[in-house]
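First up is the structure itself, then whatever we jot down about it.
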Amino acid sequence: MATINIKLVKSLNGRLQKHIATAHALGLKKIGDTTVQPDNAQTRGKVAQIGYLLQVTEVK
């Protein structure tokens, strides 16, 4: 199964509460945090919502 590596590159300060909750659901709390998530529709939806805060790379 494919996975994606997600890194938080912008601060959560001053963001919408919904976007902060989405970042926390992905396991990202502060700048520089990274997580490896499965590449599925749920994860892609979260990334699409807060993509402007993230750096996403695909892992094979």
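The values are calculated or read from the model by the stated rules, or taken from the named source; none is laboratory data. Everything numeric here is computed off the predicted structure, so don't read it as measured data. Positions of Cβ are generated from backbone atoms using ideal geometry, with glycine treated the same way; all protein chains shown enter the neighbour counts. Heads up: the accessible areas ignore ligands, DNA and RNA and are worked out on the full protein's heavy atoms, side chains in. Shrake-Rupley method; radii C 1.70, N 1.55, O 1.52, S 1.80 Å.
Count, please, the residues in region 40-56 that happen to be open to solvent by less than 60 Å² (accessible area, probe 1.4 Å), over 17 Å from L12 (Cβ atoms) and either touching a residue at least 40 places away in the same chain (Cβ under 8 Å) or of a type outside the set (S, T, Y) (or both).
Going through region 40-56 one residue at a time, the tally reaches 2.
For region 8-30, which positions are farther than 12 Å from G51 by Cβ and open to solvent by 50 Å² or more (accessible area, probe 1.4 Å)? Reasoning before the result, please.
Step one: list which residues in region 8-30 are farther than 12 Å from G51 by Cβ, which gives 11-18, 20-21, 24-25, 27-30.
Matches in region 8-30: N13, G14, R15, L16, Q17, K18, A21, H24, A25, K29, K30.
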